[in-house]
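Below is one structure, written out as structure tokens, with a few remarks after it.
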Amino acid sequence: MTINPTVLAVTQRIAKKSAATRSAYLAQLDASARRKPGAERMGCANVAHAVAAMPANDKLKIVGHKSPNIAIINAYNDMLSAHAPLQHYPDVVKHEAAKWGATAQVAGGVPAMCDGVTQGTPGMELSLFSRDVIAMATAVSLSHDMFDAALMLGVCDKIVPGLLIGALHFGHLPTVFVPAGPMTSGLSNNDKSKVREKAAQGLVGRAELLEAESAAYHGLGTCTFYGTANSNQMLLEAMGLHVPGTAFVNPGQALREELTREAARTVLGITKDKRFSPIGKVVDEKCIVNAMVALLATGGSTNHLIHWVAVARAAGIRIDWDDFAELSGVVPLLTRVYPNGSADVNQFQAAGGPGYVIRELLDAGLMHEDVLTVRPGGIREFVGIPQGVPGGLAWRDPGASKDEGVVRPASQPFSASGGLMLLQGNLGRSVIKVSAVPDDRHITQAPARVFDSQEALHLAFAAGELDRDVVCVVRWQGPQANGMPELHKLTPPLAVVQGKGFKVALVTDGRMSGASGKVPAAIHVSPEAMAGGPLARVQDGDLIRLDAVAGTLQVLVDDAAWAARPLAPMPPAQIEANSAGFGRELFAGMRRNAQTAEEGACSWL
């Protein structure tokens, strides 16, 4: 299949602007790959420390037989439903490695926080930068430098991007990602949202709300909506970094354990003496474009317009929102999964899942097929749906969509363009998730109401002050201001206002959850207010126009008057709140060093 000319042009542009940084990255990777294994290269005391806790036969394998040694980086904790199953994965991996004459060590653990727990709390201000902490923890774990390959055990929002960034800084290592899968379906996401909106209006109390939330989030696995965690898994499939089809198999199934064993077998198959394809070479310009296309085709999380910019940078590749916007113009929307529809990820999997989407994109010339993956058969292997067979695994073609209300062929998409759009204007650059917004809400023009915190918006809503056409501007929420927390708790009150028939929109330099939905929201506004961005000039009553058809975000104020208007400072109360307690002081350096959202909000460059 001939590659789509726009996809090809964007890929070529990315390669051109990344030429110097990518070349330097690959030179460093090659130098690291040429070294002898750690057990031969390192001093005797170093090696003795590294294997001291291992059984004698494993020591012999590493030192005497020079067998491959797999590093396991584990994001396990039992606070996160998606990560709790990972507790016993290292034992499974070690057992499988031993069957193939290899060894495995838990090289380290990384922190993993749950945005669902911290939404609307001070802890949420640590969330974005936890990604960079995870990347650093991954690097610390791999710095023992005794490994021939690595397995990354992690699933959720910041964890996968952090693991990926850390792994790419050890790009000479063959690396496979190992998820745990989604929880089984509980209370539907639509019904959960209705209860949240009733709670925002005071129509149900805490007991009813807690009952609904507990029925939705009820067991092991990721949340079942198509937010950042599940978008992570879709992108890893499209990048060829998983065992094919492993993303959305529920925890506890026999197939789930066999897929984990297959991950160990897969990574052992790409060590130096076999088909050597280290992660730094797998993740190239075409691989990154494949991930971007998969994100757009599935209406995935807006968070990845930050995270995958940072991931690409870790591999010496430069992408920006213009690249996403140009791809969005030609990539069709193939899925309707909540919040873009009513189905959850289990229904998505049953209808065809990632394999179906990848096949459709490949056949339509919208993904690059000539890429390396962790499998010998390349990206075409990721079309397959795994199933258990005697003695292991087999993959079947997904066939036709099992539910065209959830997944459609590229020839009959839900929309001819992708689910995300770039907005530009005198308020800066921002993004909007149009796939979740009804068509009649793609253009909103209304007077501004300016808030310096999300708490202030909640108070105004409770007082009935938002029952009118309004564009809510919530500023001082960017990476440099307070670490760019998600503002997901703004969705229920704004949805209530919209449900009353008013025109309503959100404009913010903060983030929304990957579950952000039907209220039009121009998010990640850059430059942020803290960095002197134009949101600091907006005043109550300014007329703002958000146009997701034309791709514009404008304050309709006379140009001369707008240019002359001074920048408002962050209120002292917000400065104090953003830096005191809950560990926020420890992240002050990251906030100071953070680049813009469009640059990945990286604190390590």
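The values are calculated or read from the model by the stated rules, or taken from the named source; none is laboratory data. Computed from a predicted structure; not experimentally measured. In this analysis, Cβ positions are derived from the backbone assuming ideal geometry, glycine residues included, and neighbour counts consider all displayed protein chains. Calculation scope for accessible area: heavy atoms of the full protein, side chains included, ligands and nucleic acids excluded. Shrake-Rupley method; radii C 1.70, N 1.55, O 1.52, S 1.80 Å.
Taking the empirical scaling 2.2 N^0.38 Å for compact globular proteins as reference, region 537-605 has a Cα radius of gyration ratio of 1.53.
Net charge dipole, region 249-387: roughly 480 debye, given to the nearest 20, about the Cα centre with Cβ charges of +1 for Lys and Arg and -1 for Asp and Glu. Bridge orientation summary for the chain: considering DSSP beta bridges with both residues in this region, about 45 percent are antiparallel. In the chain, Cα pairs under 8 Å separated by at least six residues give a relative contact order of 14 percent. Relative to the dominant Cα principal axis of the chain, helix 304-314 is inclined by about 40°. Using C-alpha pairs under 8 Å with a sequence gap of at least 6, the mean separation divided by the residue count of region 144-218 gives a relative contact order of 29 percent. Only protein heavy atoms count here; under a 1.4 Å probe, residue 211 has an accessible surface of about 130 Å². Judged by the gyration tensor of its Cα atoms, with axes a ≥ b ≥ c, the chain is prolate; a/c meets the 1.5 cut and a/b is the larger of a/b and b/c. To the nearest 10 degrees, how steeply does helix 127-142 sit against the main Cα axis of the chain, on a 0 to 90 scale? Result, in degrees: 10. Placing +1 on the Cβ of every Lys and Arg and -1 on the Cβ of every Asp and Glu, with nothing else charged, gives the chain a dipole about its Cα centre of roughly 1260 debye. In this calculation the C-beta distance from residue 15 to residue 276 is compared with R0 = 22 Å, giving a FRET efficiency of 0.45.
The listed residues 13, 441 rank as 13, 441 when sorted by accessible area, largest first, using a 1.4 Å probe. Only helices enter this figure: runs of n ≥ 4 DSSP H residues, each worth -39500 (n - 2.57), summed and divided by the residues of the chain, yield -11000 deg cm²/dmol at 222 nm to the nearest 500. Entry note, region 231-313: relative contact order of 38 percent, from Cα contacts under 8 Å with a spacing of 6+ residues. Here region 551-588 and region 497-549 have alpha carbon centers that stand 13 Å from each other.
Under 12 Å of direct C-alpha separation, and excluding same-chain neighbours fewer than eight residues apart, residue 192 reaches these aspartates and glutamates: 208, 211, 213.
Under 14 Å from a point 7 Å along the Cα-to-Cβ line of residue 455: which residues of region 563-586 have their amide N that close? From region 563-586, the list is 571-582. Straightening the chain between residue 201 and residue 342 buys 48.5 nm, computed as 0.36 nm per residue apart minus the Cα-Cα spacing.
Compared with the alpha-carbon gap, the fully stretched path from residue 543 to residue 394 is longer by 47.8 nm at 0.36 nm per residue. Solvent-free Debye calculation, one equal scatterer per alpha-carbon of region 345-473: log10 I(q)/I(0) at 0.15, 0.16, 0.18, 0.20 Å⁻¹ equals -0.88, -0.93, -1.05, -1.20.
Taking label points 7 Å from Cα along the Cα-to-Cβ direction, residue 210 and residue 580 give a separation of 3.0 nm. For the peptides 234-241, 75-82, residues were scored by their other Cβ atoms within 10 Å and the scores averaged per peptide; the highest-first order is 234-241, 75-82.
Show 502, 348, 461 ordered by accessible area, largest first, where the area counts protein heavy atoms only and the probe is 1.4 Å.
Largest accessible area first, the list is 502, 461, 348.
Separation of region 81-153 and region 302-339, taken as the distance between their Cα centroids, equals 24 angstrom. Residue 404 contributes an accessible area of around 90 Å² to the protein surface, as traced by a 1.4 Å probe with all chains present. With the dipole of region 400-557 worked out from charges on the C-beta (+1 for Lys and Arg, -1 for Asp and Glu) around the Cα centre, which of 438, 544, 419 lies farthest toward the positive end? Selected residue: 419. Between residue 560 and residue 2, the simple spin-label model (points 7 angstrom out along Cα→Cβ) gives 5.4 nm.
Once the Cβ-Cβ distance of residue 462 and residue 439 is raised to the sixth power relative to R0 = 51 Å, the FRET efficiency obtained is 0.95. When the alpha-carbon atoms of region 1-96 are used, the pair Rg, Dmax equals 20.9, 57 angstrom. Accessible surface calculations at 1.4 Å, restricted to protein heavy atoms, place the chain at 36 Å² per residue.
Spin-label model, residue 184/residue 592: points 7 Å from Cα along the beta carbon direction are separated by 5.2 nm. Surface composition of the chain: carbon plus sulfur atoms contribute 56% of the solvent-accessible area (1.4 Å probe, protein chains only, all chains present). If you take the alpha carbon atoms of region 167-244 and fit the smallest convex hull around them, that volume is 119 Å³ per residue.
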